[in-house]
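Bear in mind that the values in this text are calculations on the coordinates, not laboratory data. The model shown is predicted, which means the values in this text are computed figures rather than measured ones. Neighbour counts run over all protein chains shown; Cβ positions are idealised from the backbone, glycine included.
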Amino acid sequence: MMKQILVSGFGGQGVLAIGKILAEAAVTEGKEVCFLPAYGAEMRGGSSNVTVSFSDAEIRCPIAVPGKIDVVAVLNKPSLERFQSYVKTGGTLIVNTDLISETDFREDVTVIKIPANSIAEELGNGKAGNMVIAGAIKASDDLCSEEALVGALEEVFRTKPKLIPINKEALFAGMKAGGKA
C-alpha cells in the first residue's frame, strides 16, 4: 500500500529537511520511496513543499493529487489555503498553530493542531519547529519506526552534529504533541 505525505511552508522553515528525514527513514525500512521537492527561486520566504511517497511495491505515480494525500502538514497560512484540499477523506491535516489561526477546517479529516514554533522555542531552539512537525507526522500515522526516524535524522544532520541533540528533542516533543490528536 502506498502512503503519501505532503509538507508545505515558507522557504527556510525546514520543509525539505522534514521530507529528507521521512524519505531516509522509509528507505531504511526497505520501502520504495519518491522524494519530490518544490520551491520558488527566492528560497527563504518563498513557498516550499515536498511530497514523500513510499510503498512496499513500485511507485508508479508519486505526484501529489488533490484529495489523495494521506498526511498533509502545513506550516503557514498560504500552505493551508493551497494544500488543505490535498488531504484525502479520512486522512490527516497537521497545522502549525503558531502561524495559522484558522479554526474552520475540513470535517472529513483528522486535524492535529501543533504549536510547533512555541514547542521548539521552549526546547531552546526556535528553528527546530520543523522537527516538531516531523514528530507529529510520525505520531499521526505510524509511517515508520521511531528508530528509523531517529536514524534518518542523524544521517541528514551528520554534517552538523551539534544540531542533532536539539533536533532529536524536538522530534520526540512532536511525537508526544501529535499523539494527543
Across the chain, how many lysine pairs, 8 or more apart or on two chains, come within less than 17 Å at their alpha-carbon atoms?
24
Per-pair calculated FRET efficiency, R0 = 30 Å: E107 and R158 via Cβ, rounded to 0.05
0.10
Restricting attention to region 82-181, which GluC sites (Glu not before Pro) occupy a DSSP loop and are surrounded by at most 11 other Cβ atoms within 10 Å?
E107
Checking rank on 9-15, 89-95, with mean other Cβ inside 10 Å and highest first, the result is 9-15, 89-95
May I ask for the distance between the Cα centers of region 121-153 and region 57-109, given as a whole number of Å?
18
Relative contact order for region 12-161, counting Cα pairs under 8 Å that sit 6 or more residues apart, in percent
22
Roughly what % of DSSP beta bridges within region 3-178 run antiparallel, to the nearest 5?
50
